[in-house]
Amino acid sequence: KTLEYSGHNNLDAYLKEYYAESYPDEDEGDIDEDGLGYDDDFTDDHGLFDHEVSAHRMTITIELAGTSQPVKRTLKVPSNIYLCALSELIMIAFGRKDFPDVYEFVDSEGCRYASDDEDYVDTDEYFDIEDTFDSCLQNILRRKGATASYDIKKGGKTLWHHIITVDKWGGHYKEESEHYLQLEAMEGAYPTKGTKNMADYEKQLQSGKLKCPNFSTIRERIRDYEDEEALPF
């Protein structure tokens, strides 16, 4: 209201000036190339858990499919953990320090939850895709024995295919727990960053170069991740 906007060609400058005047404590680096402020505060406030959903105790096993040797992790998690947070948790549990940009969860009924629905804008599936940023674990797994898939994508194709199984579905959290995200068991070495495909991964396995990470190390990394938000309710 305090700035004069004189045409579309000046929109970028107008937005930058408006942002600088409205948020004088922010650095220029906090303004993106389109002159709009990054929504970092919203991302930080999003947290790991959906507080509008009642949290149940769950134990799940995630297994990498199609391997000659078992590669799996068993985790205790609240049912209201966001799928975007679960994706990061799975990568930490498998020993990776990077997180996939493109991934997808699919439940037993074929409902899909993608990290970026923009990938489906020009397809007939676009309006059937849910966002992992707004959906939580109990959207895809609702009872003991239920299964869902977790796929890491690259170039429109599935690079790594995982099966998630519910081992236990417990009651609500009645009191605070010391740790809500817990590593229960682990087996096998996960593909390292830069592994091109399953054939490449199998060669690494056969060479004996890949080792299952240390249990205590992974457990501590999960606890550090959990420190972002301790309570799931």
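Sorting Val102, Val71 on solvent-accessible area from highest to lowest, probe radius 1.4 Å, gives Val102, Val71.
Between region 45-121 and region 128-206, the C-alpha centres lie 5 angstrom from each other. For the peptides 191-200, 78-87, 176-185, the ranking by mean Cβ contacts within 10 Å, running from highest to lowest, is 78-87, 176-185, 191-200. In the complete set of protein chains, residue-level accessible area for His46 is approximately 30 Å², probe 1.4 angstrom. A straight chain from Asp98 to Gln69 at 0.36 nm per residue would run longer than the Cα-Cα distance by 8.1 nm. Note that region 82-233 presents 56 Å² accessible area per residue, ligands and nucleic acids not counted, probe 1.4 Å.
The values are calculated or read from the model by the stated rules, or taken from the named source; none is laboratory data. Everything numeric here is computed off the predicted structure, so don't read it as measured data. Every residue, glycine among them, receives a Cβ derived from its backbone with ideal geometry; neighbour counts consider all protein chains shown. Note: areas computed on protein heavy atoms with side chains; ligands, DNA, RNA excluded. Shrake-Rupley method; radii C 1.70, N 1.55, O 1.52, S 1.80 Å.
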